[in-house]
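S.K.: Here it is, the structure, as structure tokens.
The numbers here are math on the coordinates, done by the rules we state, and not lab data. Computed from a predicted model, the values in this text were never measured in an experiment. With ideal geometry, Cβ positions are generated from the backbone for all residues, glycine too; neighbour counts draw on all protein chains shown.
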Amino acid sequence: MMKLPPQSNHYLDTILAYKKEGKAIAHFNISNLDQARAIADVAQELQQPVIIGVSEGEREYIGVKMVRTVIEELNEEYAIPIFLNADHTYTLEKVMEAVEAGYDSVIVDGAKLPYEENVALVRICTDAVRMYEEKTGKRVLVEAELGYIGQSSSLNQSLPEGVSEANLTTVEQAKDFVIRTGIDMFAPAIGNVHGMLVDAEEPKLHIDRLKEIAAAIDIPLVLHGASGNTDEDLRAAIDAGIALVHINTEIRKAFRDGEMNYLEEHPNEVAPYKFGKEGQEEMKKVVRAKMELYAK
């Protein structure tokens, strides 16, 4: 098995401890405070650590530093670790913006690029983050993705263009990619897809391929695009070596449906905190089910 120098911080220690127990930590994206509060409430109820992620678009909407402030306040209020991840980030400028704002981790996304360009982008970003660590003493985890699984958190009629069996991550590519980029966490393409398919089953995950990658790489593996996958597939992926599982589309849909149901019953309501509360409650159902599943 390929070995990398051990590097540790509270975030990484928490991930590795869960993985050792055959569990995975849940990662959920947010677009507003209602969603952040819903996730924190469930994590507190279950007494489990959780990762809150914000993509470039979500960060621009909420505010890069505002998100960091919200997570800091939640960590003061709740007795469980809540980590903050800069999800799917496409340029060095945006990577460092999040790192310098105090995020715990950042995902460098060059998955749609040709292989060598992906490696080059991730390496440049990893080096910049390591230089920041040397100057500040703050450890920031860097994750990257290999093998295209789409980019949009949406409800889809068919697989996103470019997503195919041919783009599954190979063991050889995975080993080369991790060594050359120096990343802390790795997200392979194993049949997972961003977004959810409407009126169709999600593709089955390639668990055998995942096992091969997990046997060859000694850093935490991350499953993106897990919305809509069956409980059986998700548990099999965790048992095969996945340490973090990302969900976005599924909780967005639940949140939206909760608000829409409330507004259909109360068409004259204009107070956002009232219909937002219903969005939270529907979202919590999904968050709770996922966190319980991952920690079985």
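S.K.: Once the other residues with Cβ under 9 Å from the Cβ of Gln280 are scored (Lys, Arg +1; Asp, Glu -1), what is the net sum?
M.R.: Net of charged neighbours comes to -2.
S.K.: Sum -39500 (n - 2.57) across every DSSP H segment of at least 4 residues in the chain, then divide by the residue count to get the 222 nm mean residue ellipticity, nearest 500. Mind dumping the intermediate values first?
M.R.: Numbers: 11 runs with 147 residues, N = 296.
It lands at -16000 deg cm²/dmol.
S.K.: Here's something else I'd like to know. Could you give log10 I(q)/I(0) at q = 0.12, 0.16, 0.18 Å⁻¹ for region 50-122, computed by the Debye formula over C-alpha point scatterers of equal weight, without solvent?
M.R.: At q = 0.12, 0.16, 0.18 Å⁻¹ the computed log10 ratios are -0.34, -0.56, -0.68.
S.K.: Rounding to the nearest 10 and keeping the result within 0 to 90°, find how far the Cα-based axis of helix 10-20 lies from the longest principal axis of the chain.
M.R.: 80 degrees
S.K.: Could you tell me which of rounded, prolate or oblate describes region 1-127, using a ≥ b ≥ c as the square roots of the eigenvalues of the alpha-carbon gyration tensor, with rounded for a/c under 1.5 and, failing that, prolate when a/b is larger than b/c and oblate otherwise? Write down the numbers at each step before the final one.
M.R.: Details: a/c = 2.08, a/b = 1.24, b/c = 1.67.
Judged from the Cα gyration tensor, region 1-127 comes out oblate (a/c at least 1.5, b/c at or above a/b).
S.K.: Output ³J(HN,Hα) for region 204-221: one whole-Hz value per residue in order, computed from phi by the Karplus curve 6.51 cos²θ - 1.76 cosθ + 1.60 with θ = phi - 60°, and x for Gly and Pro.
M.R.: Ordered by residue, 3J(HN,Hα) equals 5, 6, 8, 5, 4, 4, 4, 4, 5, 5, 4, 6, 9, 10, 9, 10, x, 9 Hz.
S.K.: Next question. For Arg235, what charge total do you get from the other residues with a beta carbon under 12 Å from its beta carbon, if Lys and Arg give +1 and Asp and Glu give -1?
M.R.: Here the count lands on -2.
S.K.: Compute the acute angle (0 to 90°) between the alpha-carbon long axis of helix 33-46 and the principal axis of greatest extent of the alpha-carbon atoms of the chain; round to the nearest 10°.
M.R.: That works out to roughly 80 degrees.
S.K.: What is the sum of charges, Lys and Arg at +1 and Asp and Glu at -1, for the other residues whose Cβ falls under 10 Å from the Cβ of Tyr11?
M.R.: The answer is -2.
S.K.: If you take Rg/Rh (Cα atoms, Kirkwood Rh) from the coordinates, which of [x] 0.95; [y] 0.99; [z] 1.02 do you get?
M.R.: Checking each listed value against the structure points to [x].
S.K.: Quote the charge dipole size of region 10-294 about the Cα centre in Debye, to the nearest 20; the model charges only the Cβ of Lys and Arg (+1) and of Asp and Glu (-1).
M.R.: 500 debye
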